[in-house]
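Below: one structure, written as structure tokens.
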């Protein structure tokens with residue numbers, strides 16, 4: 001195991017189950033979701049406050065020893081209701097990473113140079129419901 005589990009979002013490691021990953025240059029972005037961790041035992045109960053989504057970012061200059069950069073968290077860098085980081089992908093030029101919240105309908109744009117959220121599109125903005133398989137023009141997955 002190269003990257004172990006974390007017991008809290010403030011610990012090093014993968015905090016929630018990895019739903020998707022993308023490598024951009026020498027960084028690894030991990031979409032962390034909690035669709036199987038609902039406290040009431042229901043996989044699809046998005047009202048469960050523990051059912052959050054995160055994006056952890058790792059420096060993989062040395063693939064055998066990744067270094068934790070940061071974790072974008074719901075209610076902090078990500079929208080308050082960001083749940084289930086179901087898919088994550090990069091723009092073709094590698095300048096941005098997109099994280100999709102299937103359960104709450106957000107598409108978040110992350111700047112690869114700064115690892116900061118630079119845009120949020122909501123289901124209200126786009127008119128979608130539970131987006132799945134989002135597509136960023138010009139990107140080949």
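The values are calculated or read from the model by the stated rules, or taken from the named source; none is laboratory data. None of these values were measured; they are calculated from a predicted model. Glycine also receives a Cβ, built like all others from the backbone with ideal geometry; neighbour counts cover every protein chain displayed.
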Q) In segment 75-105, what residues are over 11 Å from the mean Cα position of the chain (by Cα) and part of a strand (DSSP E or B)? A) 90, 96
Q. Out of segment 69-102, which residues are surrounded by fewer than 21 Cβ atoms within 10 Å (Cβ to Cβ), out of contact with any strand residue (DSSP E or B) (no Cβ under 6 Å at 6 or more places or on another chain) and under 19 Å from residue 19 (Cα atoms)?
A. 81, 91
Q) Yes or no: residue 57 closer than 15 Å to residue 31 by Cα, surrounded by fewer than 23 Cβ atoms within 10 Å (Cβ to Cβ), more than 12 Å from the chain's Cα centre (by Cα) and at pLDDT 95 or above? A) no
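Find the residue count for segment 49-68, including only residues that are closer than 12 Å to residue 16 by Cβ and in a strand (DSSP E or B). Even if it seems obvious, please write down each step before you answer.
Quick first cut of segment 49-68, residues closer than 12 Å to residue 16 by Cβ only: 50-56.
Subsequent filtering for residues that are in a strand (DSSP E or B) retains 54-56.
Counting residues in segment 49-68 that are closer than 12 Å to residue 16 by Cβ and in a strand (DSSP E or B) gives 3.
Picking from 4, 37, which residue would you name as being at pLDDT 90 or above and either more than 21 Å from residue 111 (Cα to Cα) or in contact with a helix residue (DSSP H, G or I) (Cβ under 7 Å, 6 or more places away or on another chain) (or both)?
Working: 37 fails: at pLDDT 90 or above.
Exactly one residue qualifies, and that residue is 4.
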(Q) Quick check on my filter: what residues within segment 60-73 are within 14 Å of the chain's Cα centre (by Cα) and modelled with pLDDT under 95? (A) 73
Q | Cross-chain or 6+ apart pairs with Cβ under 8 Å, segment 99-122 first and under 14 Å from residue 57 (Cα atoms), then not in a strand (DSSP E or B) | A | 99/53; 111/95; 112/25; 112/94; 112/95; 113/95; 116/77; 117/77
Q: Output the number of residues of segment 76-100 satisfying the condition of being over 20 Å from residue 113 (Cβ atoms) and at pLDDT below 90.
A: 9
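Looking at segment 13-31 only, could you name the residues that are assigned to a strand (DSSP E or B) and either modelled with pLDDT of 90 or more or over 16 Å from residue 106 (Cβ atoms) (or both)? Full working, then the answer.
Of the residues in segment 13-31, the ones assigned to a strand (DSSP E or B) are 14, 17-24, 27-31.
Within segment 13-31, 14, 17, 18, 21, 22, 23, 24, 27, 28, 29, 30, 31 qualify.
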Q: Could you list all residues from segment 105-129 that are touching a helix residue (DSSP H, G or I) at 6+ places or on another chain (Cβ under 8 Å) and at pLDDT below 85?
A: 105, 129
